[in-house]
Amino acid sequence: MTSMMAGNTSTQRSSTATATGAAVEIDDVAVRFRTKKKDVTALTDVSLRIEPGEFVSIVGASGCGKSTLLKLVSGLLRPSSGQVRLHGEDVRGPRRDIGYVFQRAALLEWRSARRNILLQAEMRGMPRAQARERADELMAMTGLTGFEDAYPNELSGGMQQRVALCRALLHRPPVLLMDEPFGALDALTREQMNVELRRIWQETGTTVMLVTHSIAEAVYLANRVVVMTPRPGTIAELIDVDLPVERDYGKTMSEPEFARGTGRIRDLLGAASASD
Amino acid sequence: MAAQSATDELERTGSAGAVTARPRRGAGASLARFAQQTWRPVAVLAALVVIWWAVTAANLIKPYLVPSPGKTFDVILAQTGYFAHNTWITSYETILGFVIAIAVGVLSAVVMVYSPTVEKSLYPLLLFAQVIPKIAIAPLFVVWLGFGLSPKIVVAVLMAFFPIVISTVTGLKSIDPEMLQLSATMGAGAGKTFWKIRFPASLPHLFAGLKVAATMAVTGAVVGEFVGANEGLGYVILQANGNLDTPMLFAGLLIMSLLGVVLFVVVELLEYFVLPWHASRRTDAATTSL
């Protein structure tokens, strides 16, 4: 497959922003892959700072390194250069203090909804009774009550994704990473999941990084939207979303601030594709 | 907001309907379904016996070439002790060979999946061992191991080993990479990831291989007996052939096929209980079972 190039340590900044309470700090990060034919720069010049409890959406065309960014934060991927810190700590390998949700629910077919959620607890060796209680609580929060013993093949796509979300939240991670979690759902279910995610975020207070293709979804959910452009993947602009905390799907969408946010993102993404 | 809760309700009742429509585990229901699935092959089998009987009764074929079903069953009934003993011998060789093949096959598959170096060096060797006709090397095992049961078991292992290795390797490799990444973020070590995710996920593939291997193991044991034996169903057939005793020959063949079928069904039943969740088990597509 591909192999990572060794990071060039000499270019690292003597970062002054050490451990000042940020949930996620990405400092001048670049990711390069070496494929058979050529070197590919997936990400370059990426710096981002996310405060605890923020909801940050990441939008951009395919191949701009959105998912790569999440992999860096989770430690599943190491940067070629630059630094990634989680709660002031350098990310050196896969981190346990995060929750991850993928586009596909990635559930184990042979486990019921509840036991899929409890996989998180089993892997971590969490106390059983406590984990079970937390799982029930999360299933109630996401509307899975009554489906505890259903198997993935008996659940709709939206229900499966709810199970995946519960699994990601079981251990109360301070940071939740979501990689196009609703991309495979129909529009109606997607709206509903957006409303629920917003509510869950408010209830749990976790920091969320959400990668999405939907501009509306990005703005509706987030405090800030990271707009990325491809070749090489980098941050084009950070957009503050100045909408009230309490959001109503219909009302929020008709507010001028919502229109301003989505309009700006469209301009940026349009400009990126026009320059190709 | 009202519209949202309405769609929510819709989705819930929709999936709840799906849950009740498909009973997952129920002994009575599954027995009824088993009967429903098996009556056709049983009927075909009965038809074949009738044709066999009709052909021999009408004297279309000389009795010393194809004996009648009655005569064949008479031979079995007249010499039950003899058949029981030889069936036991072949069953013993087959089952032992099958079990050893599972142990060795699964283990080497796991090693190959976790070590690309081992895989690269072992795979060509495996293929080489597979393409050698077993009947050609069976005499060698008799020279090495004598006339006892061990050379037959070795041939059975060799026959059954290959499909098990291939299917297990395929199964272990077909794991969703996101599942493994998820496991890493859960802080799970290689052991937990293997037992809780990777191995269970590979089981449908493994069982497909086991079904092939079960029938191969019978062939292996009989091939071993052909080369040099003084007991077992292979020996019975060889003796009957030498004596032009076709009723005995047919009786041996019949029991041998039955042995293969029984072993296959045992593996299927095992699969049914181990993997009630798997796709091939839950729909009404009756592609398997006999």
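The values are calculated or read from the model by the stated rules, or taken from the named source; none is laboratory data. Everything numeric here is computed off the predicted structure, so don't read it as measured data. Reconstructed Cβ throughout: ideal geometry from the backbone, glycine too, with neighbour counts over all protein chains shown. Note: areas computed on protein heavy atoms with side chains; ligands, DNA, RNA excluded. Shrake-Rupley method; radii C 1.70, N 1.55, O 1.52, S 1.80 Å.
Figures for the structure shown
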{"quantity": "Test for B:Ile89: is it more than 16 Å from the chain's Cα centre (by Cα) and either open to solvent by 70 Å² or more (accessible area, probe 1.4 Å) or at pLDDT 90 or above (or both)", "calculated": "yes"}
{"quantity": "Near pairs, Cβ below 9 angstrom, 6+ apart or cross-chain, from the stretch A:30-42 (in a loop (DSSP other than H, G, I, E, B)) to any residue that is of a type outside the set (Ser, Thr, Tyr)", "calculated": "A:Thr35/A:Met1"}
{"quantity": "Residues (open to solvent by less than 30 Å² (accessible area, probe 1.4 Å) and under 11 Å from A:Leu238 (Cβ atoms)) located in the stretch A:40-55", "calculated": "A:Leu48, A:Ile50"}
{"quantity": "Failed criterion for B:Ala58 (all others in (1) at pLDDT below 90; (2) in contact with a helix residue (DSSP H, G or I) (Cβ under 8 Å, 6 or more places away or on another chain) hold)", "calculated": "(2)"}
{"quantity": "Residue satisfying all of: in the stretch B:102-118; touching a residue at least 24 places away in the same chain (Cβ under 8 Å) and aliphatic (A, V, I, L, M); surrounded by the most Cβ atoms within 10 Å (Cβ to Cβ) among these", "calculated": "B:Ala109"}
{"quantity": "Options B:Leu203, B:Leu182, B:Leu172; residue that is assigned to a helix (DSSP H, G or I), within 12 Å of chain A (Cβ to nearest Cβ) and open to solvent by less than 10 Å² (accessible area, probe 1.4 Å)", "calculated": "B:Leu182"}
{"quantity": "Within the stretch A:120-221, helices (runs of 4 or more DSSP H) holding 3 or more residues that are more than 14 Å from chain B (Cβ to nearest Cβ), out of contact with any Phe, Trp or Tyr (no Cβ under 6 Å at 6 or more places or on another chain) and surrounded by fewer than 21 Cβ atoms within 10 Å (Cβ to Cβ)", "calculated": "A:128-141, A:187-204"}
{"quantity": "Counted residues, the stretch B:39-72 - those being touching a residue at least 24 places away in the same chain (Cβ under 8 Å), part of a helix (DSSP H, G or I) and surrounded by 14 or more Cβ atoms within 10 Å (Cβ to Cβ)", "calculated": "2"}
{"quantity": "Members of the stretch A:236-265 found to be assigned to a helix (DSSP H, G or I) and either free of Cβ contacts under 8 Å to residues at least 12 places away in the same chain or exposed (fewer than 13 other Cβ atoms within 10 Å of the Cβ) (or both), listed by number", "calculated": "A:Gly250, A:Lys251, A:Pro256, A:Ala259, A:Arg260, A:Gly263"}
{"quantity": "Boolean, A:Arg247 is in contact with a helix residue (DSSP H, G or I) (Cβ under 9 Å, 6 or more places away or on another chain), within 14 Å of another protein chain (Cβ to nearest Cβ) and not small (Gly, Ala, Ser)", "calculated": "yes"}
{"quantity": "Filter result (at positive phi and at pLDDT below 85) within the stretch A:190-248", "calculated": "A:Arg231"}
{"quantity": "Cross-chain or 6+ apart pairs with Cβ under 8 Å, the stretch B:127-146 first and in contact (Cβ under 8 Å) with a residue 60 or more places away in the chain, then open to solvent by 60 Å² or more (accessible area, probe 1.4 Å)", "calculated": "B:Ile135/B:Phe226; B:Ala138/B:Phe226"}
{"quantity": "Test: residue in the stretch A:5-23 that is buried (at least 17 other Cβ atoms within 10 Å of the Cβ), modelled with pLDDT of 80 or more and under 19 Å from A:Arg92 (Cβ atoms)", "calculated": "yes"}
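Here's the yes/no breakdown for (1) among the charged types (D, E, K, R); (2) surrounded by fewer than 22 Cβ atoms within 10 Å (Cβ to Cβ); (3) not assigned by TED's automatic domain parsing to the domain that holds A:Leu165:
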| residue | (1), (2), (3) |
| --- | --- |
| A:Lys36 | yes, yes, yes |
| A:Ser57 | no, no, yes |
| A:Gly65 | no, no, yes |
| A:Gly75 | no, yes, yes |
| A:Glu89 | yes, yes, yes |
